[in-house]
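Asker: Let me give you the structure first, and then I'll get to my questions.
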Amino acid sequence: RVDVQENDDAYLMEVDLPGVKEDDIELTVDDDVLTITAEMNSYKKENKKNYIYNERRVGRFQRRFNLEGIDQEHITADYENGTLTLTLPKVAPEKTPEPRKIAIGAHKE
């Protein structure tokens, strides 16, 4: 599950990855796309035969997000208590030219 919040300067993304170790999470940026990959190993595979009932997740998690308008060089990430938190700073908007009138024939002498 992923939540995204927006403020004036950045987007804040929170990704639920319960039971995942920090070392099992990979974050990559390539061609304006952020990829979050995690290995879900909630229990040891060798003990699988002893389970009667199992709802915990096992496998690979992967999500991709477009980074258009994001300052990709300054993305930060923290991981605590099963939640990956990413701060995605916005690119400073280009200054919009002020409206103005253009005089007709002003270039002639």
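The values are calculated or read from the model by the stated rules, or taken from the named source; none is laboratory data. Computed from a predicted model, the values in this text were never measured in an experiment. Backbone-built Cβ (ideal geometry, glycine too); neighbour counts: all protein chains shown. What goes into the accessible areas is simple: the full protein's heavy atoms, side chains included, and nothing from ligands, DNA or RNA. Shrake-Rupley method; radii C 1.70, N 1.55, O 1.52, S 1.80 Å.
Asker: Would you be able to tell me the number of residues in the range 8-34 that are open to solvent by 100 Å² or more (accessible area, probe 1.4 Å) and either touching a Pro at 6+ places or on another chain (Cβ under 8 Å) or among the β-branched types (Val, Ile, Thr) (or both)?
Answerer: Of the residues in that region, 1 qualify.
Asker: Next question. With (1) of a type outside the set (A, V, I, L, M, F, W, C); (2) touching a strand residue (DSSP E or B) at 6+ places or on another chain (Cβ under 6 Å); (3) open to solvent by 100 Å² or more (accessible area, probe 1.4 Å); (4) modelled with pLDDT of 90 or more as the list, and Arg57 as the residue in question, which single condition is left unmet?
Answerer: (4)
Asker: Does Tyr43 count as of a type in the set (Phe, Trp, Tyr), at pLDDT below 95, over 20 Å from Val2 (Cβ atoms) and surrounded by 12 or more Cβ atoms within 10 Å (Cβ to Cβ)?
Answerer: yes
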